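Below is one structure, written out as structure tokens; the observations come after it.
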Amino acid sequence: FPSHDICSSFILFLRSYTSGTLSFRDDRLLSVLDKFLLFVVMTIIIWGPYLSIHPLTLSIFIGVQLLIALIVLIIGLLIVRKYKYDSSDEITYFQLLSSAFPFGLLFLFNIMMLRSDTIMIDLMNGPEEAGRYMMSYRFFEAIIMIAYLMSNILLPSFARYYNNVVVLQKVFNSGFRTAFSFFIILIGAILVLRNEIMLTVYGALGGEQLFVFSLMIISSFFFSLQYVTGSFLTSMERLRFLISISVSGLILNLSLNFFLIPLYGSLGAAFSSILTQFIVLILQSYFVIRLLNDRKTLQ
């Protein structure tokens with residue numbers, strides 16, 4: 001999963017470059033090529049003679065996805081390489097790559113922090129325990145995707161009022177309160193209906209699984225608010241703060257998982273997740289408050 005996410009991230013980066021150069025035909029090609037290839041390959045595997053030789057497993061499906069992502073990434077690199085540059089444009093191109101590197105580094109650390117739980121559970125307690133954790137993690141991902149969509153609106157709003165401290169404070173307060181109110185209601189409703197949700201999706205479950213589910217849902221609340229504070233710090237060009245916090249969160253998460261997973265399995269990973277996301281949110285909020293109160297840093 002992490003390898004596929006990394007390839008997908010590079011594909012998105014190449015797509016942003018193709019659309020930025022107004023090469024919309026290439027952008028459309030890269031946007032549908034991986035889905036088309038996955039559809040073709042899986043159709044051949046399912047309806048072809050392969051199943052009579054070897055059963056289709058989850059590992060094979062993930063391997064096919066990774067292989068297709070690598071192929072599309074190579075095609076994207078070849079497409080971008082064909083673009084013609086003047087000497088001045090070439091300098092701008094490399095400047096663009098260097099300026100985008102911190103964003104890629106930040107994304108990499110965040111992905112490692114989010115994905116390390118399942119990998120460590122699988123290595124320490126086996127795939128069955130990792131599967132139980134993934135039951136709750138899927139809901140975690142679904143909730144934070146809503147926060148991601150919200151950040152796409154907040155980020156340009158913060159950047160627009162970069163030099164207007166008074167308006168910037170109002171925009172941030174409004175965005176944070178809106179996100180807090182929305183997600184507290186959503187999380188509360190999910191926790192109240194957690195029994196019905198888990199029974200509907202997975203069938204009969206034990207009390208420990210519901211506890212893991214509850215912890216992961218609360219963890220998603222903290223992570224969702226990070227999209228607000230993180231978008232603000234990104235718009236203020238404080239990537240050094242964000243990367244430092246992300247690295248600290250990754251180290252904390254790995255350390256907690258190393259001690260808690262062998263003892264408590266998926267429950268230990270859930271405790272690690274909720275504590276890590278809470279601390280990361282507190283650190284990001286501290287830098288946001290410091291920036292908003294120090295007018296000189298914003299002018």
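Out of ILE143, ILE243, ILE68, any idea which swings most in a Gaussian network model of the chain, alpha carbons joined below 10 Å?
Among ILE143, ILE243, ILE68, the largest GNM mean-square fluctuation belongs to ILE68.
Under the classification rounded if a/c is under 1.5, otherwise prolate if a/b is larger than b/c and oblate if not, where does the stretch 128-284 fall, given a ≥ b ≥ c as square roots of the Cα gyration tensor eigenvalues? If you can, show how the numbers build up before the last one.
Details: a/c = 3.12, a/b = 1.64, b/c = 1.90.
Oblate shape, in that a/c is at least 1.5 and b/c is the bigger or equal ratio.
Tell me the label-point distance for the pair ILE146, ILE71, using the 7 Å Cα-to-Cβ offset, in nm and rounded to one decimal.
Output for this residue pair reads 3.7 nm.
Arrange the peptides 125-134, 224-233, 35-44 so that the one whose residues have, on average, the most other Cβ atoms within 10 Å appears first.
Numbers: 125-134: 17.7, 224-233: 24.3, 35-44: 13.1.
By packing density, highest mean first, the sequence is 224-233, 125-134, 35-44.
Within the chain, what whole-number % of the accessible surface is contributed by carbon and sulfur, with the 1.4 Å probe and all protein chains included in the calculation? If you can, show how the numbers build up before the last one.
Numbers: 11700 of 16800 Å².
C and S fraction of accessible area: 70 percent.
Using packing as a proxy for protection, rank 179-186, 159-166 so that the peptide with the highest average count of other Cβ atoms within 10 Å comes first.
On the way: 179-186: 15.0, 159-166: 13.4.
Result, highest mean first: 179-186, 159-166.
What accessible area per residue comes out for the chain, rounded to a whole number of Å², with a 1.4 Å probe? Walk me through the numbers on the way to the answer.
Details: 16800 Å² over 299 residues.
It amounts to 56 Å² per residue over the chain.
Could you check the spin-label model distance between ILE279 and ILE184? Points 7 Å from the Cα along Cα→Cβ, value in nm.
If labels sit at ILE279 and ILE184, their model points lie 2.5 nm apart.
Rounded, prolate or oblate, given the Cα gyration tensor of the chain, with a/c below 1.5 counting as rounded? Before the final figure, lay out the partial values.
Values: a/c = 1.92, a/b = 1.06, b/c = 1.81.
Verdict is oblate for the chain.
Once Lys and Arg get +1 and Asp and Glu get -1 on their Cβ, which of ILE60, THR18, GLY203 lies farthest toward the positive end of the dipole of the chain?
THR18
So if R0 is 25 Å, what FRET efficiency would TYR162 and PHE24 give, r being the distance between their Cβ atoms, rounded to the nearest 0.05? Write down the numbers at each step before the final one.
On the way: r = 29 Å, r/R0 = 1.17.
The calculated FRET efficiency here is 0.30.
Which shape class applies to the stretch 137-203: rounded if a/c is under 1.5, otherwise prolate when a/b exceeds b/c and oblate if not, where a ≥ b ≥ c are the square roots of the Cα gyration tensor eigenvalues? Walk me through the intermediate numbers first.
Details: a/c = 6.59, a/b = 2.69, b/c = 2.45.
Because a/c hits 1.5 or more and a/b exceeds b/c, the stretch 137-203 counts as prolate.
So what's the back-of-envelope 222 nm ellipticity for the chain, counting only DSSP H runs of four-plus at -39500 (n - 2.57) apiece and dividing by all residues, rounded to 500? Before the final figure, lay out the partial values.
Details: 11 runs with 264 residues, N = 299.
That comes out to -31000 deg cm²/dmol.
Sort 70-76, 144-150 by packing, meaning the average of other beta carbons within 10 Å per residue, with the highest value first.
Working: 70-76: 18.3, 144-150: 16.1.
The most tightly packed comes first, giving 70-76, 144-150.
Suppose every Lys and Arg Cβ carries +1 and every Asp and Glu Cβ carries -1, with no other charges. What dipole size does the chain come out with about its Cα centre, to the nearest 20 debye?
Numbers: 19 positive and 16 negative charges, 171 e Å.
So the dipole magnitude of the chain works out to roughly 820 debye.
The values are calculated or read from the model by the stated rules, or taken from the named source; none is laboratory data. Since this is a predicted model, take the numbers as computed values, not measurements. We place every Cβ from the backbone using ideal geometry, glycine too, and count neighbours over all the protein chains shown. Surface accessibility is based on the protein's heavy atoms, side chains included, excluding ligands, DNA and RNA. Shrake-Rupley method; radii C 1.70, N 1.55, O 1.52, S 1.80 Å.
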